[in-house]
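Following: one structure in structure tokens, then a few remarks.
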Amino acid sequence: MQNYPGLLDEAKEILQRNTVTVTVGGKSYERIVPSKDYYVHQWLWDSAGIAMGQVHVNEEDAFNELVSLVAGQWSNGLIPHIIYNPNETRYYPPADQWQTTRFTKNGIKTSGITDPPLLAIAAEYLCANASDEQKKRDFINIVLPSLMAYHDYLKRYRDPEDCGLLTIVHPWESGTDNSPRWDSILKRIDLNMIPTSIKANVDMNRKDIRYQDSQERPTEEDYYRYIYLIELFKDLSWDYTRIVQETPFAVKDIFFNSIWERANEALAALLHQYGDQEEANKYQRWAEETRRALTNTWSEANRQYCDIDVTQGNQQVIVVPTNALFMPLYAGAVTDQQLDSLLHRLSQTDEFSTEYPVPSTAINSQYFDKECYWRGPTWPIANYFIIEGLKKYKAKHKNVDQLANFLTSRTIQMIRFNGFWEYFDPIDDGASGETKGRGFNSFSWTAAILIQLLYAEK
Ligand code: DGY
């Protein structure tokens, strides 16, 4: 870490600059927004990742970040993927599009879907890395009941089959919005049956492409479908028993579920330390079930774990080579034989071993697009999960440690040479002086991951 003091200062400064105070229902909340240029609200998994970096800088701010997030929890336990700042208008869709305020406290406005459930992992990380015992206790008293209610909600509504894998109902819930993993399902939503009022709403109000190159963002057709799903869920009165059955997009996502596995382990660990042992055992059991189920999604023929399209009774595996296939490492779900295959693929220069690894889609895939969001660019957060996952297998294979160190140093260099971008072009084509950064700059999450990586190196 001593080698990069300037870089660390820059990361801290970004988190400081992106901090806002939001007052809702007479209460004030501190938040670090993902980007002041566009992502001006609070996102569940960004916020969790940001808090994990911030705890190394300012413990109180890190705790506040998560306390502010759980304030948006619904009475049924759902923690929505966006907690809106009522004073901001830069983002689309706006808060009022969701019509969900009746589910929250104090008039807090939120979306109606969730994000990869990184929250318990962040809460555990904060408790492990903060030093002030009293602040930890205060934090735990607020957050632990929310975490349990959130996990219970996910298990109850998103795993009605009790198979160990949760169902996501919207591409935004995956966090990897326009991943080619979702193409075949989304194509089934016929654009002709999407009402023209929805298309007009998107055409008139979509904002991301006003601030940024549209080549780097999801397409117009993607957005028609994203908003169509929201309108559908609204028509179903946000009744998740029906949404899960009726949505035209229902997937057992291996990326989301790998985080779910780890989140249950984290929640069990927090309960062992601060709460009820029986409850701890319950979440530990859920983690084990998910781990087994993830292992079983492996396709030997394709040498990868596969998402399962479960839309309206389907049981169709999805085989697309993306960075999601490394996520079961993070969940500890990988057998020895699977590990050999994963390490091989991670080291192949025509697949995932690029100048700035790990690309979100393998570069030899027909779907690879080096500029476009989750269809090719490298994301620091995904690298973080893969690095943490690899570390779990240190003792299993002589190359693992080396690979984890290599990925760590390439991720740090990627940010050091290009800046704190949202995502990065994974290929260096020799164009000198040109940044490989894509998406929005001064991105909080990238700053937070860098801080974590530097501290982990220390
Ligand atoms: C976006 O707007 O890009 C988000 O990923 C949706 O939450």
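Of the residues screened, Asn106 is not one that is within 16 Å of the ligand (Cβ to nearest atom) and either modelled with pLDDT of 95 or more or over 18 Å from the mean Cα position of the chain (by Cα) (or both). Of all residue pairs spaced 6 or more apart or on separate chains, those with beta-carbon atoms under 6 Å, a first member in the range 58-71 that is closer than 18 Å to Lys109 by Cβ and a second member that is open to solvent by less than 10 Å² (accessible area, probe 1.4 Å) and hydroxyl-bearing (Ser, Thr, Tyr) are Leu69/Ser47. Exactly one residue out of Gly164, Gly112 is open to solvent by less than 40 Å² (accessible area, probe 1.4 Å), assigned to a loop (DSSP other than H, G, I, E, B) and more than 16 Å from the ligand (Cβ to nearest atom): that is Gly164.
Of these, Gln99, Gln42, which one is surrounded by fewer than 18 Cβ atoms within 10 Å (Cβ to Cβ) and under 30 Å from Lys199 (Cβ atoms)? Working first, answer last.
Numbers: Gln42 fails: surrounded by fewer than 18 Cβ atoms within 10 Å (Cβ to Cβ).
Only one candidate passes the filter, namely Gln99.
Cβ-Cβ contacts under 7 Å between residues 6 or more apart (or on different chains), taken from a first residue in the range 142-167 that is free of Cβ contacts under 8 Å to residues at least 12 places away in the same chain to a second residue that is crowded, with 18+ Cβ neighbours inside 10 Å and of a type in the set (A, V, I, L, M), are listed as Asp159/Leu165; Asp159/Leu166.
Residues checked against (1) under 30 Å from Arg156 (Cα atoms); (2) over 19 Å from the mean Cα position of the chain (by Cα):
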residue	(1), (2)
Asn3	no, yes
Ala11	no, yes
Thr21	no, yes
Arg31	yes, no
Ser35	no, no
Trp74	yes, yes
Tyr84	yes, no
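Taking Phe352 as the residue in question, decide whether it is in contact (Cβ under 8 Å) with a residue 24 or more places away in the chain, farther than 20 Å from Thr322 by Cα, open to solvent by less than 10 Å² (accessible area, probe 1.4 Å) and of a type in the set (Phe, Trp, Tyr). Answer is no for this residue. Inspect all residues belonging to the range 374-394 and state whether any of them is touching a strand residue (DSSP E or B) at 6+ places or on another chain (Cβ under 9 Å), charged (D, E, K, R) and within 24 Å of Gln212 (Cβ to Cβ). Checked against the condition, which is being touching a strand residue (DSSP E or B) at 6+ places or on another chain (Cβ under 9 Å), charged (D, E, K, R) and within 24 Å of Gln212 (Cβ to Cβ), the range 374-394 yields at least one hit. Would a scan of the range 115-129 turn up a residue that is assigned to a loop (DSSP other than H, G, I, E, B), open to solvent by 10 Å² or more (accessible area, probe 1.4 Å) and touching a residue at least 40 places away in the same chain (Cβ under 8 Å)? No, the range 115-129 has no match at all.
From Lys436, Lys391, which residue is basic (Lys, Arg) and buried (at least 20 other Cβ atoms within 10 Å of the Cβ)?
Working: Lys391 fails: buried (at least 20 other Cβ atoms within 10 Å of the Cβ).
Being basic (Lys, Arg) and buried (at least 20 other Cβ atoms within 10 Å of the Cβ) holds for just one of Lys436, Lys391, which is Lys436.
Sub-9 Å Cβ pairs linking a first residue in the range 355-384 that is within 23 Å of Ala448 (Cα to Cα) and within 16 Å of the ligand (Cβ to nearest atom) to a second residue that is part of a strand (DSSP E or B) and of a type in the set (Asp, Glu), at least 6 apart or interchain, number zero.
So that you can scan it fast, the table gives a plain yes or no per residue for (1) among the charged types (D, E, K, R); (2) open to solvent by 10 Å² or more (accessible area, probe 1.4 Å); (3) within 23 Å of the chain's Cα centre (by Cα):
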position	(1), (2), (3)
Glu220	yes, yes, yes
Ile227	no, no, yes
Ala250	no, no, yes
Leu270	no, no, yes
Arg292	yes, yes, yes
Asn296	no, yes, yes
Tyr305	no, no, yes
Ile308	no, yes, yes
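Among the residues of the range 211-266, those identified as more than 20 Å from Val317 (Cα to Cα), of a type in the set (A, V, I, L, M) and within 16 Å of the ligand (Cβ to nearest atom) are Ile227, Leu229, Ile230.
Considering only residues that are without any contact (Cβ under 8 Å) to a residue 12 or more places away in the chain and either part of a helix (DSSP H, G or I) or under 19 Å from the mean Cα position of the chain (by Cα) (or both), which ones fall in the range 310-330? Selection gives Gly313 alone.
The values are calculated or read from the model by the stated rules, or taken from the named source; none is laboratory data. Not measured: the values here are computed from a predicted model. Cβ atoms come from the backbone with ideal geometry, glycine included; neighbour counts cover every protein chain shown. Just so you know, the surface numbers come from the protein's heavy atoms only, side chains and all, with ligands and any DNA or RNA stripped out. Shrake-Rupley method; radii C 1.70, N 1.55, O 1.52, S 1.80 Å.
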